[in-house]
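Chemist: Just passing along the structure, written as structure tokens.
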Amino acid sequence: MNHTVSTPLLIVLTALSATPASAAVVYETDFNDLTVAHTEYPPHPGHDGWYKERAEGDAYGEIQELIANDGRALHEFAPASNGQGNQTIDRRLIDPPVTPFSTMTLSVDFYCASSDLGATNIYEAVFSVWDDTHPGFLMIKFKLEGGNGTPKEETGVKVTLYEFNNDPENPNNLYLPISIGNELAWNTWHHIELIIDYANDEYISVEVDGELEDLSGHTPERSWPDFGQGTFLQRIEATLIPWPWDPPNLSDDDVYWDNLSLTIGGLEGSMYLDGEDFPPFDEQGNPMPVEDPTGQWMELSPDFEVLWNCTDWDDDNEDGIVSPCDYLTLQEEGADPGLWHVEWIGLTIWVKLAMGEPDLTYLEYTGDIEEPLFPQGLYHEVYPFFCNDWECTEYIDVDGSGTLNAGDYLTFIINGEPLFYELIGLATDMEVAQAESQCPADFDGDGDVDTADLLFLLAAWGTPDGDVDGDSDTDTADLLALLAAWGPCP
């Protein structure tokens, strides 16, 4: 099948692991600059957008300084006089990030208190971030619990997480056992950091009071009952839920929140580049393999319009074209070059709403372009938000050419609703993983091991910076390895 179009090639570069790279702050506060007062709706002018969503009876939320982890903190109170589940909720709306992201990190200090720690009723506080797109989608969440049939002074405070079971026949959120964040002290400040790999839809880790636990392989909790995955970070929500039982097992409960930070990041080394000098098709509309990728490329994400230069290409397959298992050397202006391994070659399209704003969305096709149903099928979004699923259910060949061209129309199912998109362009893409250096003693990246590299190693003696053999320090073994590699890199 021919796909006639005059568009640039898009290179997709992804990392080997989900380690967060440099983070971009979505929202952070220590509450110290906020006015001491009860939260209210509309928001108090001194509360930086925080407002009371719900607080009935004697319940309330407030900015106060009596109990804070330095300065001021958000306090929520739920009295025993309120019925079960009659929540105290404070919210803040946030501007959705305009750049694509792959990880989310939620970090906050918390302080839990209860008027009767001998009571066995449930203590429950929740901190969460939401996508407010109808019907609303949970993005990241943790819960703080105590009591529930045992005196709260015995249970302490427990950090609770849930995971989605990925069962299409019986979707549900299940309790996720963790070994940290158990039996935490009441009336004491604690700290939690929860990280999610949004791109791959799995947890990365949770850290409580300096103890870290790996959560990879577990899917984050989804919002009930639709269990969909959100796209936009739009709302932060702090909640305290009263659970008074029959006397004497009832209590007035409090939770305090401080030093809040919500950040996003890409995967380590993750980026997407397009190259206007590398057309994906020849004049007859046949796919045109990339025979020489050296030249200038522009980054699409996570940092839009950053220029990179491909300075070298190792045709590992010796097939004369860029293909899986090849290596590319890419260099940002003013930075050291890096080595990337070609993992996979596919197809990316970019589209815009047919009757909407002109903003472009870049989608990577997950199937085989030789299949009869192409271009219908499943796509992954790569820009502006990474790895959302888009299902194409209809294709209109506007010019009747029998090929997929700019100007054609595609129908995608978004959040259960069909939306009509115009195809603006399409291109070959490559998935590339950041590769380990084939010449670890070449510290300055100039292609050989020489005096400059030796001087760098000696200056880094006793630190990890001059490590050649991978043992995380710089010592005699590294010096010997450098001398053995003297000369041009292989």
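Chemist: Tell me, yes or no, whether region 112-122 has at least one residue that is touching a residue at least 12 places away in the same chain (Cβ under 8 Å), buried (at least 18 other Cβ atoms within 10 Å of the Cβ) and closer than 20 Å to Glu207 by Cβ.
Modeler: yes
Chemist: Another question, then. Let me confirm something: among Asp167, Asp201, Asp246, Asp214, which residue is free of Cβ contacts under 8 Å to residues at least 12 places away in the same chain, outside the structural domain of Glu381 (by TED's automatic domain parsing) and under 18 Å from the mean Cα position of the chain (by Cα)?
Modeler: Checking each option against the conditions leaves just Asp214.
Chemist: Looking at (1) surrounded by 18 or more Cβ atoms within 10 Å (Cβ to Cβ); (2) within 30 Å of Pro324 (Cβ to Cβ); (3) at pLDDT 85 or above, find the lone condition where Glu422 falls short.
Modeler: Unmet condition: (2).
Chemist: Within region 134-155, how many residues turn out to be farther than 20 Å from Thr239 by Cβ and either basic (Lys, Arg) or in contact (Cβ under 8 Å) with a residue 12 or more places away in the chain (or both)?
Modeler: Matching residues across region 134-155 total 5.
Chemist: Now a separate question. Which one of Ala452, Ala427, Ala433 is in contact (Cβ under 8 Å) with a residue 24 or more places away in the chain, within 25 Å of Gly334 (Cα to Cα) and of a type in the set (A, V, I, L, M, F, W, C)?
Modeler: On the way: Ala452 fails: in contact (Cβ under 8 Å) with a residue 24 or more places away in the chain; Ala427 fails: within 25 Å of Gly334 (Cα to Cα).
Every option except Ala433 fails the conditions.
For (1) modelled with pLDDT under 85; (2) among the hydrophobic types (A, V, I, L, M, F, W, C); (3) outside the structural domain of Gly295 (by TED's automatic domain parsing); (4) touching a Ser or Thr at 6+ places or on another chain (Cβ under 6 Å), each residue gets a yes or a no:
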position: Pro324; (1), (2), (3), (4): yes, no, no, no
position: Leu330; (1), (2), (3), (4): yes, yes, no, no
position: Glu333; (1), (2), (3), (4): yes, no, no, no
position: Val342; (1), (2), (3), (4): yes, yes, no, no
position: Leu347; (1), (2), (3), (4): yes, yes, no, no
position: Leu353; (1), (2), (3), (4): no, yes, no, no
position: Pro358; (1), (2), (3), (4): yes, no, no, no
position: Thr366; (1), (2), (3), (4): yes, no, no, no
position: Glu370; (1), (2), (3), (4): yes, no, no, no
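Chemist: Still on this model: Among the candidates Phe385, Phe374, which residue alone is within 31 Å of the chain's Cα centre (by Cα) and surrounded by 18 or more Cβ atoms within 10 Å (Cβ to Cβ)?
Modeler: Residue meeting the stated conditions: Phe385.
Residue by residue, here is whether (1) closer than 20 Å to Pro337 by Cβ; (2) in contact with a strand residue (DSSP E or B) (Cβ under 6 Å, 6 or more places away or on another chain); (3) among the aliphatic types (A, V, I, L, M); (4) not assigned by TED's automatic domain parsing to the domain that holds Tyr365 holds:
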{"position": "Leu419", "(1), (2), (3), (4)": "no, yes, yes, no"}
{"position": "Ile424", "(1), (2), (3), (4)": "no, yes, yes, no"}
{"position": "Asp429", "(1), (2), (3), (4)": "no, yes, no, no"}
{"position": "Leu458", "(1), (2), (3), (4)": "no, no, yes, yes"}
{"position": "Gly466", "(1), (2), (3), (4)": "yes, no, no, yes"}
{"position": "Asp473", "(1), (2), (3), (4)": "no, no, no, yes"}
{"position": "Asp478", "(1), (2), (3), (4)": "no, no, no, yes"}
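Chemist: Considering only region 367-420, state which residues are among the small types (Gly, Ala, Ser) and part of a strand (DSSP E or B).
Modeler: Residue satisfying the conditions is Gly377 alone.
Chemist: Oh, and also: Among the residues of region 308-365, which ones are in a strand (DSSP E or B), under 25 Å from Pro384 (Cα atoms) and among the charged types (D, E, K, R)?
Modeler: Within region 308-365, Glu332, Glu343, Lys352, Glu364 meet the criteria.
Chemist: Working only within region 175-232, note down all residues that are of a type in the set (Phe, Trp, Tyr) and assigned to a loop (DSSP other than H, G, I, E, B).
Modeler: Initial filter on region 175-232 (of a type in the set (Phe, Trp, Tyr)): 175, 186, 189, 198, 203, 224, 227, 232.
Scanning region 175-232 gives Trp186, Tyr198, Trp224, Phe227, Phe232.
Chemist: For the subset of region 275-307 comprising residues that are free of Cβ contacts under 8 Å to residues at least 24 places away in the same chain and either of a type in the set (A, V, I, L, M) or not in a strand (DSSP E or B) (or both), which member is farthest from Trp340 (Cα to Cα)?
Modeler: Going through the qualifying residues, I end up with Glu283.
The values are calculated or read from the model by the stated rules, or taken from the named source; none is laboratory data. Please read all numbers here as calculations on a predicted model, not as lab measurements. Cβ atoms come from the backbone with ideal geometry, glycine included; neighbour counts cover every protein chain shown.
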